[in-house]
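Please read the structure below before turning to the comments.
The values are calculated or read from the model by the stated rules, or taken from the named source; none is laboratory data. Please read all numbers here as calculations on a predicted model, not as lab measurements. Here the Cβ positions follow ideal geometry from the backbone for every residue, glycine too, while neighbour counts run over all protein chains shown.
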Amino acid sequence: MLGSESQTAAGSDSDGGDEFLTPGHVAALFHVTPKTVGRWAIEGKIGYITTVGGHRRYRRAEIHALLRALSCPKTD
């Protein structure tokens, strides 16, 4: 999907008010481990930002959009 970003944030984006999720929250939504979420980020499958402390955070809107896209049945 989207590549990683080298931005730094701590909870919300000052421009658009984006909300961010921790790897644990994302993992729970997809029923995978946080380690898997980290691998997806490194592989460029999901976008992320890095906090001042070096932790990854994921945009709530992007994660929910991906969940919707994956849950929609394919039509031929």
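Structure above, values below:
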{"read-out": "Filter result for residue 2 (modelled with pLDDT under 95 and either in a helix (DSSP H, G or I) or touching a Pro at 6+ places or on another chain (Cβ under 9 Å) (or both))", "value": "no"}
{"read-out": "Within segment 34-67, tally of residues that are crowded, with 19+ Cβ neighbours inside 10 Å and in a strand (DSSP E or B)", "value": "5"}
